Every structure is written in structure tokens, then in C-alpha cells.
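Since every read-out is calculated from the coordinates, none of them should be taken as a lab result. Model, not experiment: these values are computed from the prediction. Don't worry about glycine lacking a Cβ; one is built from the backbone with ideal geometry, like all the others, and counts go over all protein chains shown.
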Amino acid sequence: MRIIHSIHSIADQATGPSQAVHGFCDSLIKEGHDVTLATLDWAPMVSSPAYLKTFSLGFGPKRLGRSPAMKSWLQEKVASREVDIFHSHSLWMMPTIYPGHLARKYGVPFVVSPHGTFSQYAMASGSRLKRIYWPLVQRPALRAVSCFHATGDLEYLDIRGLGFSQPVAVIPNGVEVPRNYCRAENSERRTLLYLGRLHEEKGVDTLLYAWKVVAEKFPEWELKIVGPDRGHLGVLKALTEKLGLARIQFETELYGEAKDIEYSSADLYVIPSISENFAITVAEALANGTPVIATKGTPWSALEARDVGWWIDLGVDPLIGCLENVLKIPRSKLQEMGLRGREWIKDEFSWAKVATKIATTYKWIISGVGKPDFIITC
């Protein structure tokens, strides 16, 4: 199939959508499909894959991502029948609007992956422009959607909650499981890790308040907070000083092997997020053999069923209660949980399996024959 993916930017490697769109494109190409990723060139990238096509910004507010060059190129592809399906990632910018307009005009199948932008938290936050943009621009473009892609049941409910009745393919994002697994050992210190964007929706302030209570009870543990600043690092450091927190480190974002080493060096990973559509860092931590504490703002209820972590209520008190129980668990027991988590991710979240499911979704949309059981039509 000839597939055009679109997203406003892939420059920020720390975001889930950026990682996911690369995974989709790479894995679909390995399956033999013709894939192009259309995006804007407004930020430098470390490397540009061969399937990437970038376009310059046009006149207008940067936050809209207007690009007449991209719109014209997409139009040409449709007019010359060089595309079988459009797949847009995320919302709120013109690179994900153009395919909707063209899909509706020319009858091209259209898939949209919201990547958390439909959550109640996301819809309620952001600029006032959303209130105008949604009814006038964004929602009309989504009428052309042939099938939504949700990464889990929570996102499926978000889609239905906004009144969309189109089919929804529930397919998790894929995860690269490191081949060379090596569990780092440190007999003297134990590490509780948060790794992710430093943004208020991630709930890291909740973690700091909880750490204030548990740190004195577990002097062998230290807390590491790793990730890119999204305007919140100053707030977190000020809170750290105000609370007089000890044994805590802040470090910048990591990529590739360095990030895997950080996960595998930790005894426990914690994600106190208010809202997540998938939370790729949970899968990454498990892929590196590290058990996880995740809030119910994430869609990872299976952590407890699989005995690879804990799924807790939002708030400081639930996190304190969980940490007080978990931090006293022997390292060997946590490592056993981490190994189970690694095997689970390897079995169910490989990009090869994800690519097969998304390609099957495309084929069903085009042919209308043989609906897969992971596509919900009600």
C-alpha cells in the first residue's frame, strides 16, 4: 500500500507521538509498504530518515503550522492517485487538517491517531484558541475519518465521549526491546526513577511531596528525575528546595542506549501522570527489566494482573502508601517482576506485531472485508 503519514513535527524525540510515528513508518516499510512521512521543517533534526518529506511554514501564527507547500504536495498526490491511505497523528495543527479535507473531497481513506489529545485533561487545557479552532476547523476535518486509532481502552472511551461514531482500532504503540539486556547492579544504593517530560500534567510535583514523606524511612533509596524541561523544571526545583528534599537528582533528557541504561540502572520506575493515552515510558521501563508504579491516569491496569508493577489512584496519599510498601521489597523480588515485564513487552508490544495490525486495519478500511477483532464499530 502507498501510505502518507502526517504530523506537525518529529523534532522533539522526547514526545510519544514523535516516537510512535517513526515506529509506524519503519515497521510498515519493513512489511513492504510504500510510506512517506510529511512534516514541517521548523526545527532541526539529528537525522532524517529516507521516508521523511519536510515542508516550510507559511504565513500566519506558528502555532497553526500553516504550510501551503505541504497542502499543495498532498493535493498533487491525491490527484495523481499516488496515495491509498492517509494517516494523521495528533491534532490542532494544519498538517493534520489538510489530509482530512482532501480525504473528504476525494474519498481517500483516512486514519487519525489522537495520541492523547482527546483526553478530558487535554481538551480542557491549552490556549483559548482551542475553543474556536475545535468547532470551526478541527472537528469538521475529523468527519472524514474512516477509522480512529486508539492506543488503549481509555483513549477509545475518549473518542466515543466526544461523539465520534466511526470505527476505532485499539492497537498499542510498539516498543523496541533492547537486545543486549544487562541489569545494572548497585549494592549500596537503590534508585527510584521518573523519566519523561517535565510538564505539570506529568504529576512530578506529586512525586516530590510523596518523597518528602518516604525518603527518611528508606535512606538506601535515591530519587532521579530525568527529562526535558517543558517550562516546569524551575517549579519543581523550587518545590524541592522548599520541602528540603534529600537524595534527589535532576538530569536532562536521554536518548537511545543512554536512556536504556538509565532504565536498567533503576530498581523501580514511577509515573505519577494526571493523564496519558499510552505512556510509552511504562513500556520502555518494562522492556529494560524495571517494574513500574503507574497512576490510573495511565492505561496500564494490567501491571498488577501481570505482577510487574502497581496501578494506583491519583494523588499524594495513594503514592505514599504504595511507596511505603514497595520500597521495602527486596531487590531480587523487584528484579523478578522486571524480567516478567520484559517478556510481556517482548510478546505483545513489538513493532512487528503493531505494524501487522495497523496494516490489517488499512486493508479492512479499503476493502471492507474481514473486520479484525481489535476494531470496534459500536
- Item | Whole-percent pair-distance distribution, where bins are 10 Å wide, for the alpha carbons of region 190-348 | 11, 45, 38, 6, 0
- Note on the structure: Quick calc, region 190-342, dipole around Cα centre from Cβ unit charges on Lys, Arg (+) and Asp, Glu (-), nearest 20 debye, gives 220 debye
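Using the Kirkwood radius built from alpha carbon pairs, what does the Stokes-Einstein equation give as D for region 79-176 at 25 °C and 0.890 mPa s, in µm² per second? Can you show the working numbers first?
On the way: Rh = 14.0 Å.
It comes out at roughly 176 µm²/s.
For the chain, give me the percentage of DSSP beta bridges that are antiparallel, rounded to the nearest 5 percent.
5 percent
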- Task: Please report the orientation-averaged projected area of the chain, defined via the convex hull of its C-alpha atoms, in nm².
- Result: 18.6 nm²
- Item | Alpha-carbon radius of gyration plus Dmax, which is the widest Cα pair, for region 195-239 in Å | 11.1, 32
- Note on the structure: P(r) of region 155-268 over all Cα-Cα pairs, 10 Å bins starting at 0, rounded to whole percent, reads 12, 33, 29, 19, 7, 1
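For a test of the definition: using alpha carbon positions, the gyration tensor, and the 1.5 limit on a/c, classify region 308-372 as rounded, prolate or oblate.
Here region 308-372 falls in the oblate category.
Work out the length of the dipole vector of the chain about its Cα centre, built from +1 on the beta-carbon of each Lys and Arg and -1 on the beta-carbon of each Asp and Glu, and round it to the nearest 20 debye.
Details: 43 positive and 40 negative charges, 268 e Å.
Rounded to the nearest 20 debye, it is 1280 debye.
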- Over what distance in Å are the Cα centres of region 256-306 and region 319-378 separated? 12 Å
- Task: Can you give me the P(r) profile for region 30-114? Cα pairs, bins 10 angstrom wide beginning at 0, each as a whole percent.
- Result: 16, 50, 31, 3
- Task: Per DSSP H run of n ≥ 4, the term is -39500 (n - 2.57); total these for the chain, divide by its residue number, and report the mean residue ellipticity at 222 nm rounded to 500 deg cm²/dmol.
- Result: -11500 deg cm²/dmol
